[in-house]
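Derivation of every value follows stated rules applied to the coordinates shown; laboratory data play no part. Keep in mind that what you see is a predicted model, and the values were worked out from it rather than measured. Don't worry about glycine lacking a Cβ; one is built from the backbone with ideal geometry, like all the others, and counts go over all protein chains shown.
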There are 2 protein chains.
Amino acid sequence: MSERITIALDAMGGDNAPRSVLRGATIAKRRYPELDFLIFGDEERLAPMMKRMIRVRRSSMIVHTPDVVASDEKAATALRSGRNSSMRKAIDAVRNGEAAGVVSAGNTGALMAMAKVVLKTVPGIDRPAMASFFPTLRGETAMLDLGANIECSADNLVQFAMMGEMFARTVLGSLRPTVGLLNVGSEEVKGHEELREAHAILKEGGLAYSGFVEGDDIAAGTVDVVVADGFSGNVALKSAEGTAKLVNEFVRQTFKSSLLAAIGYLFARRALIKLRARVDPRRYNGATFLGLNGIVVKCHGGSDALGFATGVGVARDMIRNGFIDKMAAEFHGPAAAGADRRREPAEPEPDAVIGLGARAVSSS
Amino acid sequence: MSERITIALDAMGGDNAPRSVLRGATIAKRRYPELDFLIFGDEERLAPMMKRMIRVRRSSMIVHTPDVVASDEKAATALRSGRNSSMRKAIDAVRNGEAAGVVSAGNTGALMAMAKVVLKTVPGIDRPAMASFFPTLRGETAMLDLGANIECSADNLVQFAMMGEMFARTVLGSLRPTVGLLNVGSEEVKGHEELREAHAILKEGGLAYSGFVEGDDIAAGTVDVVVADGFSGNVALKSAEGTAKLVNEFVRQTFKSSLLAAIGYLFARRALIKLRARVDPRRYNGATFLGLNGIVVKCHGGSDALGFATGVGVARDMIRNGFIDKMAAEFHGPAAAGADRRREPAEPEPDAVIGLGARAVSSS
């Protein structure tokens, strides 16, 4: 029998909360019986809904929280006045060791800000990043940062590369994941200064670094991990999502365009349903905040139960595979006191940080 | 009968040149009988190939050029030593008035550098941008910059917005195109400093400015023109291309996955072929360099004849619609002597630049 895992759920975050959260927990519980939940939210609303959710009720505890972080609330406001919110209390539970991870479909900025303040970054990491994985021609590829850091230094990018590599090992099960830096051309002369600097550092390091990749390499699965600043990563992610939606819509219209096509649909229906499941964005729901002393998974604001369950599954995989302990063990550089403080270069340690040496965890 | 139009073709640029160029010219000539071509390249190779291309031969002239710009040549090298290349001579023909536009599938950086030096930017434009258009849920959307300018100032972005709007009016036929700025969130606080500055300027201006848009708005067709710096624009474009390829491949695999699906394919075949044509990237081949005193269209390096013909079609549309004259008329600000020179703010002119006033053509 596998060890029990407790996950904190922000029951009030997301467009379809709390129903989608509770139903998502039901689905996740069916998939992973070892899960227990601490459910943070308005007890008066949650308790009646959970009455008939026997599976979840048996292994969950509702923790009443009076406040909710609004989806349009500024991160700073949420930090200041959201101390009794479901989101904050769920994160607190991770810090206090009551839960091994937290899942929320609420306000991204607020979640990131609270998680940073409450859980702190792992020593050696200046800034946490948002990571997720996507279907590709060759399997699945992880990408980060997806929007947490609009501007990034070369050091940030190098740290993202290391965290992403660890994420691919832990969640995707790649043994030695390859890593690429997102750029606009593969020639070394191209791209921003920070990119070229990160490229130079990664080339010397111990990761399976494949050099620069371009936007079309993401879906091609050229590398296992695509590293980008939060702006480009977010643009790439959303452009891809938009295009997938567009092509799906074109396919749908195609089968409605003639009687023969409609008949064809009937024959191919079963295969087409499988196709839909294959590209279902809900299978790829759940961006993870990497670099914190705790597992934090952010589901899409519009998540339904299935999407939320996927997010819970990502948290569960990371917990089961001891992601946080691995990260702490591999990043044992000097503590990062602040995101922007530039530290003095340390003497390279022979066994430091996946062979990247001190360069990876100090400014060069 | 429509007026004759002469277009200069760089016959030696691109992976499949010169054959793809000559065949592309044949297709374009069939579509647009008013076209004549000046074909620049190695006469010894071109002449035998053209023997059987009667349609093109009749309305073309080969201009022998001894040199070719290699696809991996640096722009600076090409500028210095490529004076007798097919690419350079084709651009020269536009400056000399022998051709109304030039089409090349060659080295993008070299083409941009040569075009800038030979044709110069339109007064009021600091930097040319690469633009193209894409299929969306609502029709077609233009996007720029696609990679010519890695870093952009707020002024650059504002100028791109104006050029893109003009491009959408001229090539897509939108009467009053809506314009959006690519960002990672629609809240005004997000994004780079330059983006927020450009946003503030555009809000005050006379364009149908819709504010910030995100990556998924491109394929959704939320606006007619998406404005981005060259880095994000290129990432968005290539991520979208990669995703379209991925979904197409998944669809292909779906119809091979079972006998029933294969039978379904037979029924829906005609509709599916139409679908393929609808998303065929060759229909959207040809990025245009906007902001120059001349029409320059860059086809994808891997263009086949059909792709090259599309590029010729874009050049032809812009020429027929008097794009350059319109641009010169609408941008009548002070001449930009250099891309990086910051000019003194001019007194706003009441009728300046589509109502954006002097702010759009001077640094603020």
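Annotations for the structure displayed:
- Position B:Asp36: other-copy label points at 8.6 nm, ordered by increasing distance, label point 7 Å along Cα→C-beta.
- Helix-only CD estimate at 222 nm, as mean residue ellipticity for chain A, using -39500 (n - 2.57) per DSSP H run (n ≥ 4): -13500 deg cm²/dmol
- Charge tally for A:Ser239 (other residues, Cβ to Cβ under 12 Å; Lys, Arg +1; Asp, Glu -1): -3.
- Alpha-carbon centroid distance for the pair region A:7-55 / region B:126-175, whole angstrom: 46 Å
- DSSP beta bridges fully contained in the protein assembly as shown are about 30 percent antiparallel.
- Global form of region A:3-88, assessed from the alpha-carbon gyration tensor, a/c cut-off 1.5: prolate
- Proximal lysines relative to B:Lys29, as straight alpha-carbon distance under 20 Å, when same-chain residues fewer than 8 apart are discounted: B:Lys51, B:Lys298
- Averaged over the residues of peptide B:225-232, the number of Cβ atoms from other protein chains lying within 10 Å of each residue's Cβ is 3.
- The chymotrypsin sites (Phe, Trp or Tyr not before Pro) of region B:197-305 include none that meets both criteria, a DSSP state outside H, G, I, E and B (loop) and at most 16 other C-beta atoms within 10 angstrom of the site's C-beta.
- Among A:Val21, A:Gly82, B:Leu272 the positive-end extreme of the charge dipole of the protein assembly as shown (Cβ point charges): B:Leu272
- Dimensionless Rg ratio for region A:69-199, taking C-alpha atoms and the 2.2 N^0.38 Å reference: 1.20
- Neighbour-count order for B:Ile201, B:Ile39, fewest beta carbons within 10 angstrom listed first: B:Ile201, B:Ile39
- Average beta carbon contacts from partner chains per residue of A:144-152, 10 Å cutoff: 2
- Average beta-carbon neighbours from other chains, 10 Å sphere, peptide A:209-222: 4
- Cross-linked pairs B:Lys89/B:Lys116; A:Lys256/B:Lys245; B:Lys203/B:Lys238: Cα-Cα separations exceed 20 Å for A:Lys256/B:Lys245; B:Lys203/B:Lys238.
- Taking the charge dipole of region B:175-297 about its Cα centre, with +1 at Lys and Arg Cβ atoms and -1 at Asp and Glu Cβ atoms, the residue from B:Asn183, B:Thr254, B:Thr222 reaching farthest to the positive side is B:Thr254.
- Percent antiparallel among DSSP beta bridges (both partners in chain A, rounded to 5): 30 percent
- Computed magnitude of the charge dipole of the protein assembly as shown (debye, nearest 20; Cβ of K, R +1, Cβ of D, E -1): 3540 debye
- Prolate/oblate/rounded call for the protein assembly as shown, Cα gyration tensor, a/c under 1.5 rounded: prolate
- Between the amide H of B:Ile39 and those of B:Leu9, B:Met61, B:Ile62, B:Val63, distances stay under 5 Å, these residues lying 5 or more places away or on another chain, with hydrogens modeled in the peptide plane.
- About its Cα centre, the dipole of chain B is roughly 2100 debye, where the only charges are +1 on Lys and Arg Cβ and -1 on Asp and Glu Cβ.
- Cα-centred dipole magnitude for region A:131-283, charges only on beta-carbon of K, R (+1) and D, E (-1), debye, nearest 20: 1440 debye
- Relative pair counts by distance (%), Cα atoms of region B:189-339, 5 Å bins: 2, 7, 11, 14, 17, 16, 13, 8, 5, 4, 3, 1, 0, 0
- Where trypsin sites (Lys or Arg not before Pro) fall in DSSP loop in region A:104-197, at most 13 other Cβ within 10 Å: A:Arg138
- Each Lys or Arg adds one and each Asp or Glu takes one away; over the other residues whose Cβ falls under 10 Å from the Cβ of A:Met61, this sums to -1.
- For chain B, the gyration tensor built on C-alpha atoms gives an oblate shape. Its axis ratio a/c (a ≥ b ≥ c) is at least 1.5, and a/b is not larger than b/c.
- Centroid-to-centroid, using Cα positions, region B:256-275 and region A:272-288 are 23 Å apart.
- GluC sites (Glu not before Pro) restricted to DSSP loop in region A:139-228 with at most 15 other C-beta within 10 Å: A:Glu151, A:Glu187, A:Glu188
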